[in-house]
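The values are calculated or read from the model by the stated rules, or taken from the named source; none is laboratory data. Remember, predicted model here, so these are calculated numbers, not experimental data. Cβ atoms come from the backbone with ideal geometry, glycine included; neighbour counts cover every protein chain shown.
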Amino acid sequence: MKKKSHLLFLFTAVILLFTACVKDTDFNQSDDILITPAVVLDFLFFNLSSENFTNIGVNNLVVSDTTFFDLLIEDFTIDNLKKADFYFKNTNSFSIQLSTQYQFLDENNDVYYEILIPVNSGSISNPVITEHIEIIEEGNIVNLTKADKVVVNVIAPSSLDNLDGMLNLQSKTIYYLSLE
Amino acid sequence: MKYLITCVFMFWIVSLLSQNKEVLYGLEETPQAMLLNPGSRISYEYHFGVPLLSHIHVNVGSSGVSVYDIFQESSLDINTRISNKIFELENKDFFTATQQLEILNVGWKNKKDYYFSGGIYQEFDFVLYFPKDLAILAWEGNANYIGKEFDLGEINASGDLLTVYHFGVNKKINKKITVGARTKLYSSMLSFSSTSNSGTFVTIPSESGDNIYEHIVSNATINLNTSGITSLSDLDTKNQVINKLLGRSFFGGNLGIGVDLGTTYEINEKWTASASILDLGAIFHKKNIESYQVSGEYNLDGIELLFPPLGNGDSSLPYYEDLIDDIGTAFTLDTIYNSYIQMRPIKMYASVKYNFGQAIGGDKTCNCLKMGENQKYNQSIGFQYFSIIRPKGPQIAATLFYNHRFSDYFSVKATYSVDSYSYSNIGLGLITNIKMVNFYIVADNLQWYSNLAKAKSISLQFGFNIIIDKNE
C-alpha cells in the first residue's frame, strides 16, 4: 500500500511538472512592438566670406555647392524614417540680408524638397544669429528619401565685392525612426 | 526586430533554467550525481544509462526579466514595459542557455572497489550579458542623451556546442573520505565568443565650434572569435550541415581537455561534507577558425561645404564619399586565423549536511532503507554552494536542502535556493528505484509552475538508468 501511494505521488508529481502552463500573457502583443529611436546627427556646416562670391566673378550674387547624401536613400532610411527635424543656425556678420536655399535632388536632379531661409544682416562687431527649424512630417518624408544629394545656394541681394563679413552655418538633423 | 524579441521570449517559455543543478547535486541514488561530484559516494556495483534518455537537460534563464514582465495582459503598452525593463536591467544582468543530452553513461566497480565510469554527452552553453547602453541607444537613439558615453565594451557573449567524452574513477579511500576524478575530452563543434571589447560612443556639443555636435567613437575594439562557423556557410543543404557537425562531434572538431575533481568527507555519523570542481580545462581552437577585430576611433561633425569656384561641367567635391572613406579608414577590420585557447566555464559545488531521522544501515537495528553504504539516517538537511565562472565574474547560488528517503524505491529532495535569478527558488527532486530501473526527475522554481511566464529561470532534468547492486 505504501509503495502504491509513493508511486501515485511520483506519477502525480511528474504529470504536474510536465503540465506546467503559461497564462495571463498575450503574445499577440508582439505585433505592437515598435522601436522609435530619435537619432541626432550633424548635417552641413560652412564658413562663407565675400571671396567665395568674388572668386566666381565680380558682382556675383550666388554661390552654390553640392554634396551627395546617400544616407537618405538607404533602404533602412526609406523603410523606417517617419520624421526629420532640420535645425539651421546661421551667424551672419555681413551687413546685408542673405538667403540660404537647400534643395534635395534625386539622381535626375529633380527637386523633391526645398528649404529657403532668409538670414538677417549683422555686422563684424555684432554677428546676428538666424535660426530655422524645418520639420518634415510623414506626408513629406517620402520626398526626402528620394533625394540623394543636397544643393546649397547662398544668395545675396546685392554685390558683396566690397563687404567684409562672414556667413557661418551650423546644422543638425534629428531623424525619428520607427522600426517594426 | 519585434520577431527577434518574440522568438527570444518564446524560446524562454519552453526551456527556462540555470546552469546550477542544485537538486541533482548530492543525489547519490542517481549515477548522474557523479557528473556533479566525481567523489560522491557510490553504493551500487554497475550502472548503465539508457542511451539518449539517461540525462536530458535544457535551459534558458535571465537574471532580470521574465516573459510575464513583457507579455503580461495589461493596460500598459508593451513598448512601455520593454522600455521600463531596459532601464531597470543592469549591464551585469545576463541571459543564459544550457542544454545537455547524455548519449552514453556506464559505470562499474572493480574488485579493488574502484568505481569507474565513463560516457558521452553533448552540451550547448550560451551566455549573453545585457548591453544596457547599446540597448538604450537602439531603443531611444542619441538625441536625448547628449553627453552620455555609451559603453561599447558591454558587448559580451559566448556560445559553444560541443561533445564531451569523459572517464572517471571513484574510490572510498577510508571510512570517512571518498575521492574521485574525471578526465574530459572536449570536441567542439561550434564556438564563438566576443568578450574582450572596449570603447565608447558619445555625442557632445562641439568643442571645435565647427558644427553643433561632435559624434565621437573612442578607442573602439570589438573582437569576435569563431571556430567551426564560417566553414558551415559553404555548405548548401541542412543535411550537409548536420553531417559536418556529427563528424566534428566524434573527435573531428577542435579538441580540448579538462578534469573534474571531487570528494565527500564524512565528518562523523551526523555530518557529511562534499565539494567538487568541474570543467577545469580548455578547448584549443586550431581548425576552422575565423576571428574578427574591428578597431579605431572617429570624430564626426557633419559635412563641411567649401563652395569652390567651379566651372561649367565641373563636378562638385566628393564630400559624402570622402566622409564614408574616412570612416572606413578609421575603423580597420582584421580577419585573424590564429588559433586561440578558450577556457571552459569552471563550476564549483560544495555542501555540508546533517543526517537525522530513522537509522538505517550500519549497526543500527533497522537497515531496511539502505540508500548508501554509509548512510546512517534516512533524512538530512544541509547547505550547498554553487558558482560558475563567467566572463564578467562568478555567478553564485546558495541552497538549503532537505533529503528524505521514504523507502527503498522512493526518495525526495527539496531545495530552497538564492541565486542570480531569484531569491526564492524552490526545487524538488524525485527518485525511484524499481527493480533495477532508476528514474529521476528534478525541477526548480516550482512556485512558478502554475504560470511559467513569471519565472526568470526554471530547471527540469530527468533520466533513466539501470542500476545493479549485487548486495540487494
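Residues in segment B:166-188 that are under 30 Å from residue B:288 (Cβ atoms) and either within 14 Å of chain A (Cβ to nearest Cβ) or at pLDDT below 90 (or both): how many?
Counting residues in segment B:166-188 that are under 30 Å from residue B:288 (Cβ atoms) and either within 14 Å of chain A (Cβ to nearest Cβ) or at pLDDT below 90 (or both) gives 0.
Going residue by residue through segment A:137-152, is there one that turns out to be surrounded by fewer than 16 Cβ atoms within 10 Å (Cβ to Cβ), modelled with pLDDT of 95 or more and part of a strand (DSSP E or B)?
No, segment A:137-152 contains no residue that is surrounded by fewer than 16 Cβ atoms within 10 Å (Cβ to Cβ), modelled with pLDDT of 95 or more and part of a strand (DSSP E or B).
So, residue A:94, is that one of a type in the set (Phe, Trp, Tyr), more than 7 Å from every other protein chain (Cβ to nearest Cβ) and either in a strand (DSSP E or B) or surrounded by fewer than 18 Cβ atoms within 10 Å (Cβ to Cβ) (or both) or not? If you could, list the steps in order and put the result at the bottom.
Details: of a type in the set (Phe, Trp, Tyr): yes; more than 7 Å from every other protein chain (Cβ to nearest Cβ): yes; either in a strand (DSSP E or B) or surrounded by fewer than 18 Cβ atoms within 10 Å (Cβ to Cβ) (or both): no.
No; evaluated as a whole, the condition is false for this residue.
Return the total of residues in segment B:401-452 being more than 25 Å from residue B:44 (Cβ to Cβ) and of a type outside the set (Ser, Thr, Tyr).
Counting residues in segment B:401-452 that are more than 25 Å from residue B:44 (Cβ to Cβ) and of a type outside the set (Ser, Thr, Tyr) gives 11.
Which pairs do you get when a residue that is at the interface with chain B (Cβ under 7 Å from one of its Cβ atoms) and at pLDDT below 70, found in segment A:15-27, comes within reach of a residue that is surrounded by 12 or more Cβ atoms within 10 Å (Cβ to Cβ) and outside any loop (DSSP other than H, G, I, E, B), reach meaning Cβ atoms under 7 angstrom, with the pair 6+ apart or on two chains?
Note: pairs meeting the criteria are A:17/B:441; A:17/B:443; A:17/B:460.
Tally up the residues in segment B:200-228 that are small (Gly, Ala, Ser), surrounded by fewer than 21 Cβ atoms within 10 Å (Cβ to Cβ) and more than 12 Å from every other protein chain (Cβ to nearest Cβ), please.
Narrowing segment B:200-228 to residues small (Gly, Ala, Ser): B:206, B:208-209, B:218, B:220, B:227-228.
Retained after the next criterion (residues that are surrounded by fewer than 21 Cβ atoms within 10 Å (Cβ to Cβ)): B:206, B:208-209, B:218, B:220.
When the remaining residues are screened for being more than 12 Å from every other protein chain (Cβ to nearest Cβ), the result is B:218, B:220.
Adding up the residues that qualify gives 2.
Within segment A:64-83, how many residues turn out to be closer than 28 Å to residue A:156 by Cα and surrounded by 17 or more Cβ atoms within 10 Å (Cβ to Cβ)? First the steps, then the outcome.
Applying the first criterion (closer than 28 Å to residue A:156 by Cα) to segment A:64-83 yields A:64-69.
The next check asks that each one be surrounded by 17 or more Cβ atoms within 10 Å (Cβ to Cβ); those that pass are A:65-69.
Residues flagged as closer than 28 Å to residue A:156 by Cα and surrounded by 17 or more Cβ atoms within 10 Å (Cβ to Cβ) within segment A:64-83 amount to 5.
Taking segment B:96-113, which residues are at pLDDT 90 or above and touching a strand residue (DSSP E or B) at 6+ places or on another chain (Cβ under 8 Å)?
Hits for segment B:96-113 are B:100, B:101, B:102, B:103, B:104, B:105, B:106, B:107, B:108, B:109, B:110, B:113.
When you check residue B:345 against the structure, is it closer than 29 Å to residue A:41 by Cβ and either part of a loop (DSSP other than H, G, I, E, B) or without any contact (Cβ under 8 Å) to a residue 12 or more places away in the chain (or both), yes or no?
no
May I ask you to list the residues in segment B:154-205 that are in contact (Cβ under 8 Å) with a residue 24 or more places away in the chain, more than 19 Å from the chain's Cα centre (by Cα) and either outside any strand (DSSP E or B) or under 16 Å from residue B:96 (Cα atoms) (or both)?
B:175, B:176, B:197 - these are the residues of segment B:154-205 that are in contact (Cβ under 8 Å) with a residue 24 or more places away in the chain, more than 19 Å from the chain's Cα centre (by Cα) and either outside any strand (DSSP E or B) or under 16 Å from residue B:96 (Cα atoms) (or both).
Can you tell me which residue among B:323, B:246, B:261 is under 30 Å from residue B:188 (Cβ atoms) and surrounded by 15 or more Cβ atoms within 10 Å (Cβ to Cβ)? Even if it seems obvious, please write down each step before you answer.
On the way: B:323 fails: under 30 Å from residue B:188 (Cβ atoms); B:246 fails: surrounded by 15 or more Cβ atoms within 10 Å (Cβ to Cβ).
Of the residues listed, the single one that is under 30 Å from residue B:188 (Cβ atoms) and surrounded by 15 or more Cβ atoms within 10 Å (Cβ to Cβ) is B:261.
Working only within segment B:213-243, note down all residues that are more than 30 Å from the chain's Cα centre (by Cα) and free of Cβ contacts under 8 Å to residues at least 60 places away in the same chain.
Once the filter is applied, which keeps residues that are more than 30 Å from the chain's Cα centre (by Cα) and free of Cβ contacts under 8 Å to residues at least 60 places away in the same chain, segment B:213-243 yields only B:236.
Scan segment B:155-168 for residues that are buried (at least 18 other Cβ atoms within 10 Å of the Cβ), in contact with a Lys or Arg (Cβ under 8 Å, 6 or more places away or on another chain) and not polar (S, T, N, Q) and jot them down.
Matches in segment B:155-168: B:164, B:165, B:166, B:168.
So is residue A:12 farther than 27 Å from residue A:129 by Cβ and either modelled with pLDDT of 95 or more or of a type in the set (S, T, N, Q) (or both) or not? Give the steps one after another, and end with the answer.
Details: farther than 27 Å from residue A:129 by Cβ: yes; either modelled with pLDDT of 95 or more or of a type in the set (S, T, N, Q) (or both): yes.
Criteria met by residue A:12.
Looking at (1) within 11 Å of chain B (Cβ to nearest Cβ); (2) buried (at least 17 other Cβ atoms within 10 Å of the Cβ); (3) within 30 Å of residue A:177 (Cα to Cα), which one does residue A:49 not meet, given that it meets all the others?
Unmet for residue A:49, out of (1) within 11 Å of chain B (Cβ to nearest Cβ); (2) buried (at least 17 other Cβ atoms within 10 Å of the Cβ); (3) within 30 Å of residue A:177 (Cα to Cα): (3).
I'd like the residue in segment B:43-82 that is without any contact (Cβ under 8 Å) to a residue 60 or more places away in the chain and in a loop (DSSP other than H, G, I, E, B) and, out of all such residues, is surrounded by the fewest Cβ atoms within 10 Å (Cβ to Cβ).
Out of the qualifying residues, it is B:75.
If I ask for residues that are farther than 22 Å from residue A:49 by Cα, β-branched (Val, Ile, Thr) and within 11 Å of chain A (Cβ to nearest Cβ), which ones from segment B:297-339 would you list?
B:324
Would you tally the residues in segment A:61-75 being free of Cβ contacts under 8 Å to residues at least 12 places away in the same chain and more than 9 Å from chain B (Cβ to nearest Cβ)? Even if it seems obvious, please write down each step before you answer.
Step one: filter segment A:61-75 for residues free of Cβ contacts under 8 Å to residues at least 12 places away in the same chain, giving A:71, A:74-75.
Adding the requirement that they be more than 9 Å from chain B (Cβ to nearest Cβ) leaves A:74-75.
Number satisfying all stated conditions: 2.
Of everything in segment B:169-183, what is closer than 24 Å to residue B:256 by Cα, surrounded by fewer than 21 Cβ atoms within 10 Å (Cβ to Cβ) and not hydrophobic (A, V, I, L, M, F, W, C)? Give them in sequence order.
B:183
Of (1) of a type outside the set (Gly, Ala, Ser); (2) touching a residue at least 60 places away in the same chain (Cβ under 8 Å); (3) surrounded by 17 or more Cβ atoms within 10 Å (Cβ to Cβ); (4) not in a strand (DSSP E or B), residue B:145 satisfies all except one. Which?
Evaluating residue B:145 over (1) of a type outside the set (Gly, Ala, Ser); (2) touching a residue at least 60 places away in the same chain (Cβ under 8 Å); (3) surrounded by 17 or more Cβ atoms within 10 Å (Cβ to Cβ); (4) not in a strand (DSSP E or B) leaves (2) as the failure.
Residues that are polar (S, T, N, Q), out of contact with any Lys or Arg (no Cβ under 9 Å at 6 or more places or on another chain) and more than 30 Å from residue B:171 (Cβ to Cβ), at least 2 per element: which strands (runs of 3 or more DSSP E) completely within segment B:237-341 meet that?
On the way: elements: B:254-266, B:271-285, B:289-300, B:331-336.
The qualifying strands (runs of 3 or more DSSP E) are B:289-300, B:331-336.
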